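Report on the structure given below.
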Amino acid sequence: MVRLDHLVSRVKDRLKGRPFRFPVPPSLPPPNIQRLLDNDAARWAEAVRAAASGPEVLIATGVGGTPVIRELDMALAIGLTLRGARVSMLLCDEFLPACEYCTFHMFRSPHEYAERGPWDHCGSCYGQGRAAYDCLGLPVLRYSSFVSWAQRREARSLAASVPPGDIPSFRWEGLAVGEHAHAGALRFIARGELTDTQDEEVILRRYLESAFLTARAMQKVFASRPWRAASFHHGIYVPQGIVGEVARSLKVRIANWVVAYRKQRFIFSHGDTYHHTLLEEPVDSWEDVSWTSDIREEAAAYLQSRWQGSQDWIYFHENPSEDIASLRAEWGLQAGRPAILLLTNVIWDAQLHYRANAFGSMMEWIISTIDYFRTRPDLDLIIRIHPAEIRGGIPSRQLAQDEIARHFPSLPSNIKIIGPDRDVSTYAMAQQCDCALIYGTKTGVELTSMGIPVVVAGEAWIRGKGLTLDADSPEAYRKILASLPLQKRLDASTQERALKYAYHFFFRRMIPVSCIEQTGNKHDPFKIRTESLDIFSKENDPGLDVICQGILEDKPFIYPAELLGSSLPGEENK
């Protein structure tokens, strides 16, 4: 049955220039959630009643159409409710003119998105989220309920008035609305920079309008109740980045989360996206961790498994080649001449402001590095393009190799590029190199634990841990390059420290959640188990308990794997 307010809203949309959208038939709740609650209906109903006077927690992701996000948000809602929290869910109810749900491959062209916006997909997204959350019997807040028509007009007018070049740095009422709008537009077009096309400007303004609307909605939402905390996915882009901006401005605690590399594990962070918080994490959170030979072997075994991704649900190669000698022969690289490995990231990914970056962008860093190595024929520079450019969830529409070719039509013989399509082991390659140059890749955590020196020019999490050569300016970076080759591995104590940090990163910050099970589908890798509500208990899911305590009590999102063990049901400690 179609709600009258939705039909009226769609007619008003049409009058304001938005395409009319016929109502989408209601979605069915996820069968696994329905089965779980049916198995324990009376107990769940009592838990909801008992939590009615508990601390208020908002699950504020807002995007209902992505199964990966929806399942974890529901697991959090159930776990928190069973622990006495009064949980409310938040959804965009076909309200925002642009959002994180949309990616370029959902549309025939950027022009279609610029012209029509997300509306053809909104009904499905909202319908799936509403069906899922309604079956929990918890309050579901809707964006449109918190923004007046006057505020909608204001948001559209503001979004149209800001000069395009000013949008990335534009702040409104102290909120970085422009940064997240710009990041959202880059994510949609899957490029690291916008071109001067009319379509891309329209798309950017759509995200800015959405940022204003989200800010207005969240100001009212957070003022409506004494929220203990808000939990939501990622913490960047639109709407989640703006949710975080408003929450911080109103002193509402934040718990952001992302899917971790390791199977059935998630990274949570307090106050901001993990892109920022892991850079600022104090070293005393891991320096004094219990360190036994068994734990050391377990960490080393997992890091070795990363070569094939056998213990991960995010990986980019099935069977990468480790035959680096053949690659060197293919390129005619001279035996005995030191090689330096440069590792890229996906150009468009997480374009946020970082204070410690030596360069304004990753491409600026790559170009500067190539410029330098053109003057160093005594060294080989091997540029490894990140395979996620073509194999990630959102393949890039701006390829690093194309950008390099645009700046350097020809490269000297000592500079070689390994494209994203080559099934070559980055780890095996690094072992053959003098050191590695990185900007933001997580691989720096692994390479240092292998004893390989790493130079950091961007926001990589390994920065500032006493393990790497860190540059915070182009001059400092070139000074480090001038010292190459290093001709030595990290000393034993530094490598051991690096392995300890890797253990902290992969075993303690990546929290296991056993109420989640794998599906075998790489693009939709997990769902909530259905046995009974017992699976959410502290005894059966200590990782979920760590997460819930973090949300409710502001405790660190660190899983004590050294005390509890790191295995989930069906796994073996190695």
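No value in this document is a laboratory result; all are computed from the given coordinates. Being a predicted model, the structure only gives us computed values, none of them experimental. Quick reminder, even Gly has a Cβ in these numbers, built from the backbone with ideal geometry, and neighbours come from all protein chains shown.
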Filtered trypsin sites (Lys or Arg not before Pro), the range 216-310: DSSP coil and at most 11 other beta carbons within 10 Å: Lys251
Residues other than Pro226 with Cβ under 14 Å of its Cβ, Lys/Arg counted +1 and Asp/Glu -1, net out at +4
Order these by the 10 Å Cβ neighbour count, fewest first: Arg205, Arg422. Arg422, Arg205
Among Ala150, Ala190, Thr344, flag the residue with its Cα farthest along the positive direction of the charge dipole of the chain, charges on Cβ as +1 for Lys/Arg and -1 for Asp/Glu. Ala150
Taking a crude spin-label model, label points 7 Å out from Cα along the C-beta direction, the Arg374 to Asp323 distance in nm is 3.4 nm
Can you figure out the FRET efficiency of Lys251 with Arg391, using R₀ = 51 Å and their beta-carbon distance, to the nearest 0.05? 0.80
Pick out, in residue order, every one of the trypsin sites (Lys or Arg not before Pro) in the range 87-163 that is DSSP loop and has at most 14 other C-beta atoms within 10 Å; say none if there are none. Arg108
By the C-alpha gyration tensor axes a ≥ b ≥ c (rounded if a/c is under 1.5, else prolate when a/b exceeds b/c, else oblate), the shape of the range 293-508 is rounded
Computed [θ] at 222 nm, helices only, for the chain once each DSSP H run of length n ≥ 4 contributes -39500 (n - 2.57): -12000 deg cm²/dmol
Give, rounded to the nearest 20 debye, the magnitude of the charge dipole that the chain has about its Cα centre when Lys and Arg contribute +1 at Cβ and Asp and Glu contribute -1 at Cβ. 1380 debye
Work out, step by step, the length gained on full extension between Thr519 and Ala335: first 0.36 nm times the residue separation, then minus their alpha carbon distance; give nm to one decimal. 61.6 nm
When the distances between all Cα atoms of the chain are binned every 20 Å from zero, what whole-number percent does each bin get? 20, 52, 26, 2
Please report the spacing between the Cα centers of the range 472-544 and the range 414-435 in Å, no decimals. 22 Å
Using +1 on the beta carbon of Lys and Arg, -1 on that of Asp and Glu, and nothing else charged, what's the dipole of the range 477-538 about the Cα centre, debye to 20? 520 debye
Measure out, as a whole number of angstrom, how far apart the alpha-carbon centroids of the range 157-197 and the range 242-308 sit. 28 Å
Out of the GluC sites (Glu not before Pro) in the range 127-227, which ones are loop residues according to DSSP with at most 13 other C-beta atoms within 10 Å? Glu173
Using alpha-carbon coordinates, inclination of helix 119-134 to the longest axis of the chain, degrees: 70 degrees
